[in-house]
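Scroll down for the structure; my scribbles are underneath it.
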Amino acid sequence: MRISKEIQQQIEELLDQKISIQESPIQGMDSNIFTIKDSVSNEFILKINTNLHNEILTYKKILKENINIPIPKIINFFQIWNYDILLMEKLNFPLLETTDSEDFPKYLQSMVENLNELHKINSKYAGDFTKQKFKLTWKNVFLSKFTDPKILNWIEISNRKELNRDLLLSSLEKLTYLIQSTEFINTDYSLLHTDFNQRNLFIDIKNKKIAGIIDWEESLFGDPIYDFARIRMLFWHYNLNTEAIKKYFNVMNFNEKEKSLENLYFISRIIEYLAYYSEEDNDFNRKRIQLHESFLRDLNWRKL
């Protein structure tokens, strides 16, 4: 996607100076992201999507609640045609994905601290900001990822040539039964990021801290343990040794019920991400699909 003259003109009027388009970084599944520079070499990030409403509301809520987590400063938000456009500061830190497996565990404490701070924002109802009026439970929101074809059409997904159809459908059946039969312990829901991954987290290398958190499109209210299960999947993807995984569980200090829920969420993400990795056929995605399918083949559902 290219930035139109109309969008560029509006940004120049907003900043009161000319801008140049520097680059287009790696794009998310639904977003187009650009780096722009003004006439005095200040750099900004421009995010363009057909629906950034939930992300904007999340940023506003975090700022309103004075939650101490590192998010980029929002310069402005506006609409042109059917596009939502978000202009924000550029964070001048490396991404977590630039670190190696040896250093990765050093950021665990900061990751957990930031999520604990975020989870102080609560709601009586689950779902994203646009769904609050429907008064949903977390169980309904969580289950819908695997039962509502408007969210993920698993029949269509299972037919993708990269996937083992029988394994996926069998795993989905077992997962949905497990969700339906599970008693969820939280009824006052926390604000979740939901996608704490290596491309959404910037790091302070010197202090081993999370220096920036971006990409809040999929934020919602739900069980905070769901966010932590995403951290475990990061550890798993980084192929860390058992000591690193042990450190994760020691830091979390889950009770037995929380351990059971965290494991359920972890398995659900193993399955869900098969949908995302099968969207495009490349070496990286094929390796991830093999990893996730191998996990499901070896999983003893009877012990869950």
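Remarks
- Counting only residues that are loosely packed, with under 15 Cβ neighbours inside 10 Å, among the aliphatic types (A, V, I, L, M) and in contact with a Lys or Arg (Cβ under 7 Å, 6 or more places away or on another chain), segment 132-187 holds 2 of them.
- Condition check for Ile225: under 18 Å from Asn114 (Cα atoms), of a type outside the set (D, E, K, R) and part of a helix (DSSP H, G or I): yes
- The residues in segment 163-209 that are at pLDDT below 95, among the charged types (D, E, K, R) and more than 21 Å from Thr99 (Cα to Cα) can be counted, and the count is 2.
- Among the residues listed as Glu262, Glu243, the single one being assigned to a helix (DSSP H, G or I), more than 19 Å from the chain's Cα centre (by Cα) and in the same structural domain as Lys131 (by TED's automatic domain parsing): Glu243
- A Cβ distance below 7 Å, combined with a sequence gap of six or more or placement on separate chains, defines the contacts here; from segment 53-70, residues that are in contact (Cβ under 8 Å) with a residue 60 or more places away in the chain reach residues that are assigned to a helix (DSSP H, G or I) and surrounded by 16 or more Cβ atoms within 10 Å (Cβ to Cβ) in the pairs Asn54/Phe129; Leu57/Phe129; Thr58/Phe129; Ile69/Ile62; Ile69/Asn114; Ile69/Leu118.
- Residues in segment 42-85 that are surrounded by fewer than 16 Cβ atoms within 10 Å (Cβ to Cβ), polar (S, T, N, Q) and more than 21 Å from Ser4 (Cα to Cα): Asn66, Asn68.
- Condition met for Leu152 (closer than 20 Å to Thr194 by Cβ, assigned to a loop (DSSP other than H, G, I, E, B) and aliphatic (A, V, I, L, M)): yes
- The residue of segment 73-102 that is nearest to the chain's Cα centre (by Cα), among those that are charged (D, E, K, R) and at pLDDT 90 or above, is Glu97.
- Residue in segment 96-105 that is of a type in the set (Ser, Thr, Tyr) and in a helix (DSSP H, G or I) present: yes
The values are calculated or read from the model by the stated rules, or taken from the named source; none is laboratory data. None of the values given here were measured: they were computed from a predicted structure. Positions of Cβ are generated from backbone atoms using ideal geometry, with glycine treated the same way; all protein chains shown enter the neighbour counts.
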